[in-house]
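Colleague: Here's a structure for you.
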Amino acid sequence: MSSGLKSEILRKAILEDYKSVRQFAVHMNIPYSTLVTALERGVDGMAHNTVLRICEELALNPVDFSPLSGDSDLSRQIVTGRVMEKFGRFNKAGRRKILEVMDDYAQIAAYTTDEE
């Protein structure tokens with residue numbers, strides 16, 4: 001996929017969820033000029049971790065920039081990785097509390113899926 005096509009997909013996804021590219025840049029803590037340059041010249045020159053963060057925020061597959069659906073294997077892997085990375089930041093007491101909260105939310109139908 002060309003860098004220009006990737007940039008166009010990103011621009012469209014940004015503007016679907018945010019009022020402007022500037023608002024998205026502020027939200028992501030990315031310099032506005034960096035984001036605009038990437039969208040104009042192509043994202044291939046942008047730092048890999050920045051592209052990953054952007055794709056994560058916009059629910060895009062970082063490989064082909066296709067939308068991630070909640071039921072795709074890649075989507076599950078990305079979400080699982082994010083959860084485990086954040087979970088790993090907690091100490092033993094924090095982890096215990098997180099698991100308790102998760103158990104509480106698992107009892108609420110609005111927050112659960114039919115999958116097990």
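Colleague: Scan segment 57-92 residue by residue and report those that are among the basic types (K, R) and either touching a Phe, Trp or Tyr at 6+ places or on another chain (Cβ under 6 Å) or at pLDDT below 75 (or both).
Modeller: The one that is among the basic types (K, R) and either touching a Phe, Trp or Tyr at 6+ places or on another chain (Cβ under 6 Å) or at pLDDT below 75 (or both): R76.
Colleague: A further question follows. When only residues in segment 82-99 that are farther than 26 Å from C55 by Cβ and loosely packed, with under 10 Cβ neighbours inside 10 Å count, which is nearest to the chain's Cα centre (by Cα)?
Modeller: Step by step, filter segment 82-99, then rank; the result is N91.
Colleague: While we're on this one: Check segment 71-82 and report whether any residue there is in a loop (DSSP other than H, G, I, E, B) and either farther than 30 Å from T113 by Cα or aromatic (F, W, Y) (or both).
Modeller: So far as segment 71-82 goes, no, none of its residues is in a loop (DSSP other than H, G, I, E, B) and either farther than 30 Å from T113 by Cα or aromatic (F, W, Y) (or both).
Colleague: Among the residues of segment 30-46, is there at least one that is on the phi > 0 side of the Ramachandran plot and at pLDDT 85 or above? Break it down stepwise before answering.
Modeller: Quick first cut of segment 30-46, residues on the phi > 0 side of the Ramachandran plot only: 42.
Adding the requirement that they be at pLDDT 85 or above leaves none.
Checked segment 30-46: no residue is on the phi > 0 side of the Ramachandran plot and at pLDDT 85 or above.
Colleague: Looking only at segment 1-25, which residues are closer than 25 Å to R82 by Cα, surrounded by 14 or more Cβ atoms within 10 Å (Cβ to Cβ) and out of contact with any strand residue (DSSP E or B) (no Cβ under 9 Å at 6 or more places or on another chain)?
Modeller: Start the filter on segment 1-25 by keeping residues that are closer than 25 Å to R82 by Cα, which leaves 6-7, 9-18, 21, 23-25.
Remaining after also requiring surrounded by 14 or more Cβ atoms within 10 Å (Cβ to Cβ): 6-7, 9-11, 13-14, 18, 21, 23-25.
Across segment 1-25, the qualifying residues are K6, S7, R11, I14, Y18, V21, Q23, F24, A25.
Colleague: Only residues in segment 46-60 that are part of a helix (DSSP H, G or I) count as the first member; pair them with residues that are of a type in the set (K, R), Cβ under 9 angstrom, at least 6 apart or cross-chain, and list the lot.
Modeller: Here the result reads V51/K6; E56/R82, each pair linking segment 46-60 to a residue that is of a type in the set (K, R).
The values are calculated or read from the model by the stated rules, or taken from the named source; none is laboratory data. Everything quoted here is computed from the prediction, not taken from an experiment. Please note: Cβ atoms are built from the backbone with ideal geometry, for glycine as well, and neighbour counts cover all protein chains shown.
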